[in-house]
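Here the structure is laid out as structure tokens; the discussion comes afterwards.
The values are calculated or read from the model by the stated rules, or taken from the named source; none is laboratory data. All of these numbers come straight from a predicted model, not from anything done at the bench. With ideal geometry, Cβ positions are generated from the backbone for all residues, glycine too; neighbour counts draw on all protein chains shown. Keep in mind that these areas ignore ligands, DNA and RNA; they rest on the heavy atoms of the full protein, side chains included. Shrake-Rupley method; radii C 1.70, N 1.55, O 1.52, S 1.80 Å.
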Amino acid sequence: MALRVLPRKAWRNWRRSADLRIPLRSTEVEDASRRFLLYGAVPLWVVPGLADWWMHKRTRIEHTSGTRESVVHAVMMTEAGVPVLLGLLARINPLVLSVMGGAALAHGATAVYDVSLAVGEREVRPIEQHIHSFLEVLPLTALAFTACLHDDQVRAALRGGRGARDWQLLPKEHPLPARYLAALAGAVVCGVVVPYAEELWRCLRAARTVQAA
């Protein structure tokens, strides 16, 4: 079953096809929507994520809600990151859309738990709550634009995905440009992975200090 879901042969040559063209001056709705998704919604996720990390740092998360909340943040990043990764690399089909929808629901539920955990342990300022609103809506925005760009696959998913490749994880027919993927990966690493790894490290260090005392 795993081999059918993930056909390894299809991924061996995934970069050999011509890159997807993203016209920067086209006024066609499809081109404009794809530009907003790739150059707007997805990269913008880094900005409120970094701002939220700064708010955690200002309220000294390591001495309040500590490791427990920091781990929840890592879970939320995974819930948002996996569907983004699939959307960037894989062909959009009922399988990928289902993963995206499920991840969006899980991310929303985890966000509610995160806030309920935080408000009982540390000060959550209005500006941080406003930052949270961006973090919650951006995954839904990305999902909505992806669905609009691939309405045929949405219809296929609603019909149960009866096609031979509807439930296989396949590479895009035309991959996104390598430069774009590299730049986005660098932004995510610098603006999300590194700051939140630092947060978790601070929380673990503070917890060890308390235990040693």
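Report, to the nearest 10°, how far helix 94-119 tilts away from the longest principal axis of the Cα atoms in the chain, using its own Cα long axis and a range of 0 to 90°. So the helix axis and the longest Cα principal axis differ by about 10 degrees.
Taking the Cα centre of region 13-54 as origin and charging only Cβ (+1 Lys, Arg; -1 Asp, Glu), how large is the dipole, in debye to the nearest 20? Write out the running numbers ahead of the final one.
Numbers: 6 positive and 5 negative charges, 50 e Å.
That gives region 13-54 a dipole magnitude of about 240 debye.
In the context of the full set of protein chains, the chain has a per residue accessible area of 58 Å² (1.4 Å probe).
Here ASP114 sits with roughly 10 square angstrom of accessible surface, probe radius 1.4 Å. Segment ARG8..LEU140, full-extension length gain: 44.5 nm, with 0.36 nm per residue of separation and the alpha-carbon distance subtracted.
What is the percent carbon and sulfur in the accessible area of the chain, measuring with a 1.4 Å probe over the protein chains and ignoring ligands?
Values: 7870 of 12280 Å².
Taking all protein chains in place, the chain shows 64 percent carbon and sulfur surface.
In this rough spin-label picture, where each label sits 7 Å from Cα along the Cβ direction, the LYS172-LEU105 distance is 2.7 nm. Placing unit charges on the Cβ atoms of the charged side chains and taking the dipole of the chain about its Cα centre, the candidate lying farthest along the positive direction among LEU97, PRO7, PRO139 is PRO7.
Given R0 = 45 Å, the distance between the Cβ atoms of ARG68 and GLU30 translates into a calculated FRET efficiency of 0.55.
The trypsin sites (Lys or Arg not before Pro) of region 16-55 meeting both criteria, a DSSP state outside H, G, I, E and B (loop) and at most 16 other C-beta atoms within 10 angstrom of the site's C-beta, are ARG16, ARG21, ARG25.
Which is the longest part of the chain that has none of the GluC sites (Glu not before Pro) sitting in a DSSP loop with at most 14 other Cβ atoms within 10 Å?
Values: sites that count: GLU28, GLU123, GLU173.
That gives 29-122 as the longest site-free run.
Between VAL47 and ALA164, the contour length at 0.36 nm per residue exceeds the Cα-Cα span by 38.2 nm.
Expected output is a single nm value to one decimal: the length gained when fully extending between ALA213 and SER133, i.e. 0.36 nm times separation in residues minus the C-alpha distance. What is it? Let's see the in-between values first.
Numbers: separation 80, 0.36 × 80 = 28.80 nm, distance 3.84 nm.
Extending this stretch completely gives an extra 25.0 nm.
Between ASP151 and LEU85, what's the calculated FRET efficiency when r is the beta-carbon distance and R0 is 22 Å? Round to 0.05. Kindly include the intermediate steps, with their values, before the conclusion.
On the way: r = 22 Å, r/R0 = 1.02.
That pair, ASP151 with LEU85, gives E of 0.50.
Loop-located chymotrypsin sites (Phe, Trp or Tyr not before Pro) in region 106-145 (DSSP state other than H, G, I, E, B) with a sparse environment of at most 12 neighbouring Cβ atoms within 10 Å are absent. Give me the angle, in degrees from 0 to 90, between the Cα long axis of helix 46-58 and the longest principal axis of the Cα atoms of the chain, rounded to the nearest 10. Roughly 10 degrees between the two axes. Site pair ARG179 and VAL75 shows an inter-label distance of 4.1 nm when each label is modelled 7 Å from Cα along Cα→Cβ.
Both numbers refer to the Cα atoms of the chain; Rg and Dmax are 19.4, 64 Å.
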